[in-house]
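Novice: Provided herewith is a single structure, encoded as structure tokens, for subsequent inquiry.
The values are calculated or read from the model by the stated rules, or taken from the named source; none is laboratory data. Because the structure is a prediction, the values reported are computed rather than measured. Quick reminder, even Gly has a Cβ in these numbers, built from the backbone with ideal geometry, and neighbours come from all protein chains shown.
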Amino acid sequence: MKMFASGTALLALIAATPALAQEPSKEDLAELVRAQAAEIASLRQRVEKLEAGATPAPAMAAAPQAPAAPAPEPAPPEPAPQVVVTQPYAPQLVPPGPAERDVERVRAAAVSASGVSTEWGAGLPVFHSADGMFSFKPRGRIITDVSTSTGSKYSGRNLTTTGMRALRMGLEGTVGTHFFYQFESDFSENEVDVVTAFMGWRNRIAPGMDYDVRVGHLFNDRSFEGSTGSDSTPFTERSVVATAIIPQRAFYGLGIMPRLFWKTGHASLTVTGDRIDGDQSTSDNRTVLARAHWNPLKSDRQVLHLGVWGFDEMLHPGKNTLTRNTVIGGRFNGALRLSTGTLIGGTGTTGYGVELGGYSGPLWIMGEAGERHARLDNGRPDFVTRAWSVSGGWFLTGDLPPYNPRLGSFGQPKVLRPVFEGGPGAIELTARYENLEFDDIVTPAQGWAATLGVNWYLNSFTRFQLNAIHWNTQNTAGAYTGKDDGQTLTARVGVTF
């Protein structure tokens, strides 16, 4: 009722306001103030009579009441008074600022009537059922590159191109404590391709030791950079160890992969057929691949990494082409490759490699080497591929390298001071030297590349990359034979959800 009294007083004041717009004299103003005071006093008396006969209403917790303002005194005729309009108290409807919000209330409001809660991860929401039985998260990856090459003696190699390194959408989720799944499809380079697509089961064997088993279309666990996702590589392209010492089916295969994890490392075994395809008229090739890594030194700011891996692949007739065109100076220059020329008649491949590296504070280094033997029919000698690389990086902003000790590969960095929170982000300088040779074939080839780069991570899932590459190739097959060298400048912007 007090609020009603204040409201009626306000209405009376508003009703009288038009008179003020006519520029009244001093005598008129004095008379107006006396009339307003009398009207307010009369209204207040009526309200007090109503309150005396009414049941008091409970006070509103959200809007504390202010005591009624006393009626203004009549103004004397001389001198003319200054007209001051005093607004009666009204509750404020402005929402509280972030510092005033009740954190527990916000968390409780995240649970809807259907029993689903949400939280925001790396750019996309994660959905959880109220009982924790189900979780679901969309996944995405957008990586755009631009590349320009100069200095080649062949004008066909001096190209400027653009491309989508990845344009990926997918999902992942869990059912209960043990079952999980993931699916991703890639739309880059004007093609639709199913990449990761699997179901899995995980459990704990003992304190500090657990396992998982995944079944479906699986990404290789092979070499350090070969096991690192395209959204997490410190350079715009993986090293030649990852791209050349590889099964003929490349990075993916349909099969099963059990993995074992302990406090200082992991081991995996993969058995797969071909990539997902629509051809069931012939048998799949078969690939068995294994990898293990160990961290004999592991602390908050220091890690020593040791790794070994190997694979064996059986090739069926009709699926035995061994032709290689391997990236040496940039992915988006199709003329810049190390090539074998047409090579068919393979019966299988065997490859193996080693990894040695680690980090101390913001500085990291990694060395890899591998060799691949491709077996040929009709008694021909093996086609041999040899590759090695040494790379390193230094975070000028003091951030730690994004090393994942569980998988022995790089992941998304944990940026200490993201740009979106007013910080500089994470700035990393990188360098790499890599060497590749194709031997024991009629058309051998060799090449090397040296790369200097800088990465700017705005936050943990947004990055800019710039690589300056000096490359050298010597092909004996294809359109660009003989010795050749030049420079490639590649830039990238990438977002991972």
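Novice: Restricting the first residue to the stretch 209-238 and requiring it to be in contact (Cβ under 8 Å) with a residue 12 or more places away in the chain and in the same structural domain as residue 491 (by TED's automatic domain parsing), which pairs with a second residue that is of a type in the set (Val, Ile, Thr) and assigned to a loop (DSSP other than H, G, I, E, B) meet a Cβ separation below 6 Å and a spacing of at least six or different chains?
Specialist: Filtered contacts from the stretch 209-238: 217/276.
Novice: Turning to a different aspect of this structure: For the stretch 308-364, how many residues meet the condition of being in a loop (DSSP other than H, G, I, E, B), in contact with a helix residue (DSSP H, G or I) (Cβ under 8 Å, 6 or more places away or on another chain) and within 15 Å of residue 387 (Cβ to Cβ)?
Specialist: 2
Novice: Looking at (1) over 28 Å from residue 497 (Cα atoms); (2) of a type in the set (A, V, I, L, M, F, W, C); (3) part of a loop (DSSP other than H, G, I, E, B), which is the one condition that is false for residue 224?
Specialist: Evaluating residue 224 over (1) over 28 Å from residue 497 (Cα atoms); (2) of a type in the set (A, V, I, L, M, F, W, C); (3) part of a loop (DSSP other than H, G, I, E, B) leaves (1) as the failure.
Novice: Related question: May I ask you to list pairs of residues, at least six apart or on different chains, whose Cβ atoms are under 7 Å apart, with the first in the stretch 351-362 being touching a residue at least 60 places away in the same chain (Cβ under 8 Å) and closer than 16 Å to residue 402 by Cα and the second being of a type in the set (Val, Ile, Thr) and surrounded by 19 or more Cβ atoms within 10 Å (Cβ to Cβ)?
Specialist: Final answer for the pair search is 358/303.
Novice: Another one. Would a scan of the stretch 200-209 turn up a residue that is outside any helix (DSSP H, G or I), under 22 Å from the mean Cα position of the chain (by Cα) and surrounded by fewer than 16 Cβ atoms within 10 Å (Cβ to Cβ)?
Specialist: No: the stretch 200-209 contains no residue that is outside any helix (DSSP H, G or I), under 22 Å from the mean Cα position of the chain (by Cα) and surrounded by fewer than 16 Cβ atoms within 10 Å (Cβ to Cβ).
Novice: Let me ask you something else. Would you be able to say whether some residue in the stretch 304-322 is surrounded by 14 or more Cβ atoms within 10 Å (Cβ to Cβ), of a type in the set (Asp, Glu) and in contact (Cβ under 8 Å) with a residue 40 or more places away in the chain? Reasoning before the result, please.
Specialist: Step one: list which residues in the stretch 304-322 are surrounded by 14 or more Cβ atoms within 10 Å (Cβ to Cβ), which gives 304-316, 319-320, 322.
Filter once more, so that each one left must be of a type in the set (Asp, Glu): 312-313.
Among the residues that remain, those that are also in contact (Cβ under 8 Å) with a residue 40 or more places away in the chain are: 313.
Checked against the condition, which is being surrounded by 14 or more Cβ atoms within 10 Å (Cβ to Cβ), of a type in the set (Asp, Glu) and in contact (Cβ under 8 Å) with a residue 40 or more places away in the chain, the stretch 304-322 yields at least one hit.
Novice: Still on this structure: In the stretch 228-262, which residue that is basic (Lys, Arg) and at pLDDT 95 or above is surrounded by the fewest Cβ atoms within 10 Å (Cβ to Cβ)?
Specialist: Ranking the candidates gives 259 first.
Novice: Quick test of your reading of the structure: residue 290 fulfils all but one of (1) free of Cβ contacts under 8 Å to residues at least 24 places away in the same chain; (2) surrounded by fewer than 16 Cβ atoms within 10 Å (Cβ to Cβ). Name the failing condition by number.
Specialist: Condition not satisfied by residue 290: (2).
Novice: Still on this structure: Which is part of a strand (DSSP E or B), in the same structural domain as residue 150 (by TED's automatic domain parsing) and in contact with a Gly (Cβ under 6 Å, 6 or more places away or on another chain), of 266, 305?
Specialist: Going through 266, 305 in turn, the sole match is 305.
Novice: Can you name the number of the only condition in (1) closer than 28 Å to residue 414 by Cβ; (2) touching a Gly at 6+ places or on another chain (Cβ under 8 Å) that residue 126 fails?
Specialist: That leaves (2) as the condition not met.
Novice: Out of 282, 270, which single residue is among the polar types (S, T, N, Q) and closer than 30 Å to residue 437 by Cβ?
Specialist: The match here is 270.
Condition check ((1) polar (S, T, N, Q); (2) under 20 Å from residue 303 (Cα atoms); (3) crowded, with 19+ Cβ neighbours inside 10 Å) across all residues:
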{"residue": "418", "(1), (2), (3)": "no, no, no"}
{"residue": "425", "(1), (2), (3)": "no, no, yes"}
{"residue": "431", "(1), (2), (3)": "no, yes, no"}
{"residue": "434", "(1), (2), (3)": "no, no, yes"}
{"residue": "438", "(1), (2), (3)": "no, no, yes"}
{"residue": "442", "(1), (2), (3)": "no, no, no"}
{"residue": "445", "(1), (2), (3)": "no, no, yes"}
{"residue": "450", "(1), (2), (3)": "no, no, no"}
{"residue": "456", "(1), (2), (3)": "no, no, no"}
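Novice: Could you look through the stretch 444-465, keep only residues that are within 17 Å of residue 230 (Cβ to Cβ) and outside any loop (DSSP other than H, G, I, E, B), and pick out the one that is nearest to the chain's Cα centre (by Cα)?
Specialist: Across the stretch 444-465, the extreme among qualifying residues is 462.
Novice: Condition first: at pLDDT 95 or above and among the basic types (Lys, Arg). Now tell me which residues in the stretch 264-297 satisfy that.
Specialist: 286, 291, listed by residue number.
Novice: Six or more apart or on different chains, Cβ atoms under 8 Å: show the pairs whose first residue is in the stretch 114-126 and not assigned by TED's automatic domain parsing to the domain that holds residue 171 and part of a strand (DSSP E or B) and whose second is modelled with pLDDT under 75 and small (Gly, Ala, Ser).
Specialist: Close Cβ pairs satisfying both conditions: 117/110; 118/110; 119/110.
Novice: Determine the pairs where a residue that is touching a residue at least 12 places away in the same chain (Cβ under 8 Å), located within the stretch 451-476, has a partner that is outside any loop (DSSP other than H, G, I, E, B) and among the acidic types (Asp, Glu) with Cβ atoms under 6 Å apart, the partner being 6 or more residues away or on another chain.
Specialist: So the pair list comes out as 455/428; 472/485; 473/484.
Novice: Would you tally the residues in the stretch 468-494 being surrounded by 18 or more Cβ atoms within 10 Å (Cβ to Cβ) and either acidic (Asp, Glu) or farther than 16 Å from residue 159 by Cβ (or both)?
Specialist: The qualifying residues number 5.
Novice: Another question, if that's okay. Six or more apart or on different chains, Cβ under 7 Å: which pairs go from a residue in the stretch 166-189 that's surrounded by 17 or more Cβ atoms within 10 Å (Cβ to Cβ) to one that's assigned to a loop (DSSP other than H, G, I, E, B) and among the small types (Gly, Ala, Ser)? Could you list them?
Specialist: Sorted first by the residue in the stretch 166-189, then by its partner, the pairs are 166/230.
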